[in-house]
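Every number here is computed from the coordinates shown, using simple stated rules; none is lab data. Everything quoted here is computed from the prediction, not taken from an experiment. As a convention, Cβ positions derive from the backbone with ideal geometry for all residues, glycine included, and neighbour counts pool all protein chains shown.
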Amino acid sequence: MAVAIITGASKGLGRALALALARRGWDLVLNARTPQVLERTAQDVRTHGTRVTALPGDVTDAAHRRDLVAAAGALGGLDLLVNNASVLGAEPLVRLDAHPLAGLRQALEVNVVAALGLVQEALPLLRRAPAGTVIALSSEAAAEPFETWGGYGASKAALDQLAAVLAVEEPGLRVWAVDPGDMRTDLYRSAAPEEDEEGRPLPEQVVPAFLRLLDGRAPSGRYGAPALLEQR
């Protein structure tokens, strides 16, 4: 049975992706910072009959990252690592001239350093998998200069570059940086609470783009979910 680790899995895209993979029979290791919310998601995922290990904790904690990978190993290995956990660095987002430097450091620590740390921990298992895959959750803000999105976008641009280099260094893996596009999530509401979210897709409407990559065994690279959904 295939095994995946999904960080930031208690709600939003992480939760939607966990449910979609469970329906396909994947066993899952799920991470989030809030134990009660994570356990509710884990209970929903378990209704699909798959094995689920829910480990609340902070991905910036090296010991917690080791626990996540150990839990995957206990389930039989690791086929997919989804680095989905993210923070904005400022809520709501602000212009760079007012961006708190402590918030930028936090965004880099969570969105980039912790993501790489988890990849490093997981590589021995991923290399042994028939089709080991890493997904780095990117953002349009990593490639386009949107006002107030500078700090968050810089962290996601750094994550994109790590994913691109990892793909070169680990040709036996598939490494995808995926921009999910705008979604109706708590993260986006915190980033821009004054914006009308009508018209933005729900996370479960975006998940088919990720499944398309998995089903098609797409080569390593950067992908945009809206473009993938248009190809259906």
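Applying 1/(1 + (r/R0)^6) with R0 = 22 Å to the Cβ-Cβ distance of T47 and A131, what FRET efficiency is obtained, to the nearest 0.05? Show your work: numbers first, answer last.
Details: r = 27 Å, r/R0 = 1.22.
Computed FRET efficiency for T47 and A131 comes out at 0.25.
According to a simple spin-label model (label point 7 Å from Cα along Cα-to-Cβ), what is the distance in nm between R23 and E91?
2.9
What spacing in nm lies between the two simple spin-label points modelled at E39 and M1, each 7 Å away from Cα in the Cβ direction?
For the pair E39/M1, the computed spacing is 2.2 nm.
What residues from the stretch 14-47 fall in the zone where the backbone N is under 15 Å from a label point 7 Å along the Cα-to-C-beta line of L202?
Taking a point 7 Å out along Cα→Cβ of L202, the residues of the stretch 14-47 whose backbone N falls under 15 Å are 14-20.
Write down the Å³ per residue value for the convex hull defined by the alpha carbon atoms of the stretch 3-230.
Each residue corresponds to 115 Å³ of Cα convex hull volume.
Give me P(r) over the stretch 124-232, computed from all C-alpha to C-alpha distances, binned every 5 Å, as integer percentages.
All Cα pairs considered, the percentages come to 2, 11, 20, 21, 20, 13, 8, 3, 1, 0.
For G224, which sequence-distant residues (separation of 5 or more, or a different chain) have an amide H within less than 5 Å of its own amide H, given hydrogens modelled in the peptide plane?
Residues meeting the amide H criterion: D179.
Calculate how steeply helix 62-74 sits against the longest principal axis of the alpha-carbon atoms of the chain, using the helix alpha-carbon long axis, and give the answer as 0 to 90 degrees to the nearest 10.
30
What does the charge dipole of the stretch 116-232 about its Cα centre add up to, to the nearest 20 debye, if the Cβ of each Lys and Arg holds +1 and the Cβ of each Asp and Glu holds -1? Each step should come with its number before you reach the end.
Values: 11 positive and 18 negative charges, 161 e Å.
In debye, rounded to 20, the stretch 116-232 gives about 780.
Could you give the size of the charge dipole of the chain about its Cα centre, using +1 on the Cβ of each K and R and -1 on the Cβ of each D and E, expressed in debye and rounded to the nearest 20?
On the way: 23 positive and 28 negative charges, 196 e Å.
My answer is approximately 940 debye.
Just how large is the dipole of the stretch 1-114 about the Cα centre, in debye to the nearest 20, putting +1 at every Lys and Arg Cβ and -1 at every Asp and Glu Cβ? Don't skip to the answer; put the middle values down first.
Numbers: 12 positive and 10 negative charges, 58 e Å.
Result for the stretch 1-114 is approximately 280 debye, rounded to the nearest 20.
Using the Cβ atoms and a cut-off under 13 Å, what net charge is assigned to the surroundings of L116, where Lys and Arg are +1 and Asp and Glu are -1?
Values: positive: R65; negative: E109, E121, D160, E169, E170.
It works out to a net charge of -4.
Tell me, what HN-Hα J-couplings in whole Hz come from the Karplus equation 6.51 cos²θ - 1.76 cosθ + 1.60 at θ = phi - 60° for each residue of the stretch 126-140, using x for Gly and Pro?
Result, rounded to whole Hz: 4, 5, 7, 6, x, 8, x, 9, 10, 10, 9, 6, 9, 7, 4.
Taking R0 as 45 Å, what FRET efficiency do you get between A74 and L211 from their Cβ-Cβ distance, rounded to the nearest 0.05? Intermediate results must be reported in sequence, preceding the final value.
On the way: r = 26 Å, r/R0 = 0.57.
Here the calculated transfer efficiency is 0.95.
Around A85, which amide H atoms from residues at least 5 apart in sequence, or from another chain, sit under 5 Å from its own amide H, with H modelled in the peptide plane?
Correct list: T7, G8.
When the distances between all Cα atoms of the stretch 1-89 are binned every 10 Å from zero, what whole-number percent does each bin get?
20, 58, 21, 1
In the stretch 3-230, if the dipole is taken from +1 on Lys/Arg beta carbons and -1 on Asp/Glu beta carbons about the Cα centre, which of P208, V45, T34 is farthest to the positive end?
V45
What number, rounded to the nearest 500 deg cm²/dmol, is the helix-based mean residue ellipticity at 222 nm of the chain, given -39500 (n - 2.57) per DSSP H run of at least four residues and division by all its residues?
On the way: 9 runs with 106 residues, N = 232.
Mean residue ellipticity, 222 nm, calculated: -14000 deg cm²/dmol.
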